[in-house]
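The values are calculated or read from the model by the stated rules, or taken from the named source; none is laboratory data. None of these values were measured; they are calculated from a predicted model. Here Cβ is always computed from backbone atoms with ideal geometry, including for glycine, and neighbour counts include all displayed protein chains.
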Amino acid sequence: MEITRWHRARRFRAGDGRDLSWVTTALAAGVALVMLLAPSGSGVLVRPSTTLTAPYLHTSSASGKGTQVYGCAKATAPRPIWNHLVGRIAEFNNASSKACGKSVGVGGSSQGYAQTDLSAAIRFSISSPGSHSVTASVTLKMSTWDTFTRGGCPAKNVPYPAKPNQYAYGICEAAVYLSWSTSAYVVDENNISWYGNTSFAYSQNDSYYENYSDCYNFGSPACTNISGTFWGTSGSGTFSTNMGGFGSFTTNGTTSLTMWSNGTQMVRNHHYVLIVSVGMSVTVFANDYNLLGFWPGNAVGTINMGTLGNGMTFNSVTIS
C-alpha cells in the first residue's frame, strides 16, 4: 500500500537529520569545475596577503537542480545562478502537496521535492610556497516559509477490537522539511588534489503533523494511537575546526559567516581555486488513508535565497 511507504519514509526522514544528499553531487561538480579551468592562465597572483573582492573575474561555476512529485504535488527549482560581478549565489526552492483522496475511505497521498546545488570556483595563484590561509567573508540573506495542516482528521475506519488475524489502520499526516548547507575547500588545479580542510555549515528544520491509529489481533487485540504536531531534527551549526562559524543563524534575515580553508605544501607555480558549494532542498507531503470523511490536508515549503534581495554574497576572499 502506497500510504504505508510514505508513512515509513516520514519516520525514517524525521530521524535522519540533515539532508546532505546534495554533497556528493557538489563534490563531483567541484571536480568537473576544476577540470574546466585550463591551467594556462594564472588567475590572481597572491602576494604575502591579498584580498579579492567583486567583481571576481577568474571564476567558473557548475550547478544542478531537480524536482520530484507524486500524486497531486507541485515543485519548483529554477537553476541556481553565480553572479561573479557582485559575488553572489542565488537559489530558490518551493514545493506543495495536498491529500488528494477522491472518495471517502480510499484516501490519497502526495509528495513534492525540490533541490538545487551550485559550486563556484574563485581562482588564484600564490607568490610563495608553503602554507596559506584562504578566508571567505560571507553575508547570507534568505527567507523560509512553511505551513501544513495540523488537525481536523476525521474518524478512521479501524474496527476495535480487531478480529483474530486482522489488522487495520488509518492516518492523516502532513510535513515540511527544509534543508540548507554550504562548504568551502581549496583545490590544486595542476593535480586535482585537496590542499586544505573543508569548512561546512548547515541549517535544518523538520516539522510534521500526524494522527495515526491501528488495531490488530494476532493472539490478543491491541491498538496504537499517535496524534500531535512534532518537530524533528532542527537547528544549525558547523562541522570543521576551520569554520569561523556564526554567532546566530537565521532562516529569515541576514547571517554573517566566515569560511576558512587552509592550504598546506602549496607550490608557487601551481594554480589554485577556492570552491564554495551551496545546496538546499524542500520536501513536503500530505497523506490520508482509511478515513470515514474527507481531510483537506496540505503542506507548503519555500527556501528563498535568490529573489527579493536574498542571496549568498562573498564580500571578500583573503589569501595570506
Result of the Cβ filter at 8 Å on the stretch 108-135, keeping first residues that are under 16 Å from S97 (Cα atoms) and partners that are basic (K, R) and buried (at least 24 other Cβ atoms within 10 Å of the Cβ), at least 6 apart or interchain, is S110/K98
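Determine whether R79 is under 21 Å from T182 (Cβ atoms), in contact with a strand residue (DSSP E or B) (Cβ under 6 Å, 6 or more places away or on another chain) and surrounded by fewer than 20 Cβ atoms within 10 Å (Cβ to Cβ).
Values: under 21 Å from T182 (Cβ atoms): yes; in contact with a strand residue (DSSP E or B) (Cβ under 6 Å, 6 or more places away or on another chain): yes; surrounded by fewer than 20 Cβ atoms within 10 Å (Cβ to Cβ): yes.
For R79, the condition - under 21 Å from T182 (Cβ atoms), in contact with a strand residue (DSSP E or B) (Cβ under 6 Å, 6 or more places away or on another chain) and surrounded by fewer than 20 Cβ atoms within 10 Å (Cβ to Cβ) - is met.
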Select, from N217, N225, the only residue that is of a type outside the set (D, E, K, R), closer than 30 Å to E173 by Cβ, exposed (fewer than 14 other Cβ atoms within 10 Å of the Cβ) and at pLDDT 90 or above. N225
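Name the residue that is surrounded by the most Cβ atoms within 10 Å (Cβ to Cβ), counting only residues in the stretch 266-320 that are more than 30 Å from C172 (Cα to Cα) and more than 28 Å from the chain's Cα centre (by Cα). It would help to see each step written out before you state the result.
Initially, the stretch 266-320 is screened for residues more than 30 Å from C172 (Cα to Cα), giving 266-279, 305-320.
So of that shortlist, the ones also more than 28 Å from the chain's Cα centre (by Cα) come out as 266-271, 319-320.
Numbers: M266: 22, V267: 15, R268: 10, N269: 10, H270: 17, H271: 22, I319: 25, S320: 12.
Filtering first and then ranking leaves I319.
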Subset tally (residues that are more than 30 Å from the chain's Cα centre (by Cα), buried (at least 20 other Cβ atoms within 10 Å of the Cβ) and aromatic (F, W, Y)) for the stretch 141-190: 1
Check whether at least one residue in the stretch 237-249 is surrounded by 13 or more Cβ atoms within 10 Å (Cβ to Cβ), in contact with a helix residue (DSSP H, G or I) (Cβ under 9 Å, 6 or more places away or on another chain), at pLDDT 60 or above and not in a strand (DSSP E or B), and report yes or no. no
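Kindly establish whether V69 is closer than 24 Å to I303 by Cα, touching a strand residue (DSSP E or B) at 6+ places or on another chain (Cβ under 9 Å), among the aliphatic types (A, V, I, L, M) and assigned to a loop (DSSP other than H, G, I, E, B).
Working: closer than 24 Å to I303 by Cα: yes; touching a strand residue (DSSP E or B) at 6+ places or on another chain (Cβ under 9 Å): yes; among the aliphatic types (A, V, I, L, M): yes; assigned to a loop (DSSP other than H, G, I, E, B): no.
So V69 does not fit the description; no.
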